[in-house]
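Take a look at the structure set out below.
The values are calculated or read from the model by the stated rules, or taken from the named source; none is laboratory data. Predicted, not measured: the structure shown is a model, and the values here were computed from it. Here the Cβ is made from the backbone with ideal geometry for all residues, glycine too, and neighbour counts use every protein chain on show.
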Amino acid sequence: MIRRVTGRLTIVLALGATTVSEPWAAPADKVRQDAFELLNEGVAAVNRGDYRTAVEKLERCASMALNSFRAHYYLGVALIGDRRHADAIAALRIALDLDPSHLQAHVAVGDAFLNLGDTDEALAEYYRALKLRPEFPQALDGIGRVYAAKADDVRAEEHFKRAIESNRGYAEAYTHLGDLYLRLGRLDEAVALLVEAVKVRPDFGDGLNRLALAYSRLGLHNEAVSTIKEAIDLEPKVPDHWATLGEIELDLGLLDRAAGSFESALAIDPPHPQARAGMAEIARRRGDYDRAAAEIGIALEDDRLRSTTRKWLEGRLAAVSSEKDRTAEIEARIASGAAGPGDYRALAAIHAERLLWESAAHYEALGEPTGPEEERLAYYLFRAGSYREAHGLYVTLADRAPSADLEVNAGVALARLGDDLGAHEAYGRALAIAPGHSLALLYQGNALLRLERKDEAVRAYRAFLDGGGRGEAAERIRRILQQIDPTRAEPAAPDIPALVEDEEPAS
């Protein structure tokens, strides 16, 4: 995601006078007044995330007030928001010529260089700000983002923490440290930081955006949707928020809704990379590979792209092209009658990648599955909602070769059929084979909770956490225990019944 410059900007001094010598020019006081109004309008547009309007207003202001620091500084901020980072650097350099000691301008230049992928120049600019004011939180946060971009997670974490210590009210540092923890799988810490970010600054759109993504990772889709809609209400002109809503809807399989959200992002920023990639994914899932490639191509034509974003899009384009070619080759062999079992299995895998589970199961069955292929067929059947067929196949495979994973999967299928007692017994068989099996403990807790055997469920959940359970599942279980564990010291969390509905096959 492209980082945006956020924060409420206010004007504290009027613009300096502009000399107008031409006889046909407007009077100097009229020019000053017009420039001042343009600056006010431009800053207001930045505050609401309407960067295109902000750039238009502030460019006019800067051309009228050549010696105004604020006109060039806010223009640079608006250009960063519009992803025109090279232009932003030029505007900010003028601002720094007018006020070389302005801390925020140095940080903004560093942000622009970082978005261009020039980490060395970005780092140098952040350190210039630190020389002017040691432990300046925005500069420390910028240095943290440089190290995060370089995958130096230890130094990134150190600088984000220093930024927070320097200013407990600086919400961006909480958000960026939360981003780092999300990437590292430290979800409980990430969520806590992101929640703190929006507590510190309730009007922080980027923080709400990241929190929505974290909720989505945890499977808390209702919370994710409500949080990103809060960001949209706050900043309706920011395309990132609409694109994130589209991603959440795409994860839920709501393709039409996701398309509508991505289109809202594209109405604001036509080549927006996240939204174009989302539209490409919708087209890919529908088998329209040419449309998918065209969507990514539009994004790649944008010369404002960060280098990392460009590489990511190029990888997506290559994957779409490869899948198109493989699909065409296999379908041609099937049409000619020359296809073998391996072709059907390969086509099944492609359909599974597009989340077309019924057709994936159909083609896998035509591939004459045996052994591992039968387990894959059971998985496709489960995903297609054919839980009874999946359960029967898992039981057959477990009878043939006892396995904790197969017993877990049989239990998951029974849970989806509403047979919680049968699921509980299947998880028990899995634990008899592998006493510390993480998923068996987790799902045992879910089954026991649905059976209203709360004390036993708490013991199963505690055993899951004590055994090293981590990631999304661990964070969900901590939230469940806040509700049901009588020994808890924390206040009860809001009712989140969906947390116990997340059983998935072990493989």
*Applying the selection to the range 358-375, what residues are under 34 Å from the mean Cα position of the chain (by Cα) and at pLDDT below 95?*
Pro372, Glu373, Glu375
*Just give me the residues in the range 228-277 being outside any helix (DSSP H, G or I), hydrophobic (A, V, I, L, M, F, W, C) and surrounded by fewer than 24 Cβ atoms within 10 Å (Cβ to Cβ), in sequence order.*
Leu252, Leu254
*asked:* Can you pull out every residue in the range 44-73 that is over 14 Å from Asp87 (Cα atoms) and touching a His at 6+ places or on another chain (Cβ under 8 Å)?
replied: Phe69
*Ile11 modelled with pLDDT of 95 or more and closer than 28 Å to Asp269 by Cβ*: no
*asked:* Take the conditions surrounded by fewer than 18 Cβ atoms within 10 Å (Cβ to Cβ) and touching a His at 6+ places or on another chain (Cβ under 9 Å) and apply them to Ser336. Does it pass?
replied: no
*Working only within the range 143-173, note down all residues that are of a type in the set (Asp, Glu) and either surrounded by fewer than 15 Cβ atoms within 10 Å (Cβ to Cβ) or over 20 Å from His106 (Cβ atoms) (or both).*
Asp152, Asp153, Glu157, Glu158, Glu165
*Within the set of pairs 6+ apart or on separate chains, which have a first residue in the range 229-246 that is in the same structural domain as Ile80 (by TED's automatic domain parsing), a second that is part of a loop (DSSP other than H, G, I, E, B), and C-beta atoms under 9 Å apart?*
none
*Quick check, is Gly144 of a type outside the set (A, V, I, L, M, F, W, C), in a loop (DSSP other than H, G, I, E, B) and under 24 Å from Arg306 (Cα atoms)?*
no
*Ala365 fails exactly one of the following numbered conditions: (1) surrounded by 18 or more Cβ atoms within 10 Å (Cβ to Cβ); (2) within 30 Å of Ala319 (Cα to Cα). What is the number of that condition?*
(1)
*Where in the range 54-133 are there helices (runs of 4 or more DSSP H), lying fully within it, with 2 or more residues that are assigned by TED's automatic domain parsing to the domain that holds Glu37 and free of Cβ contacts under 8 Å to residues at least 24 places away in the same chain?*
85-98
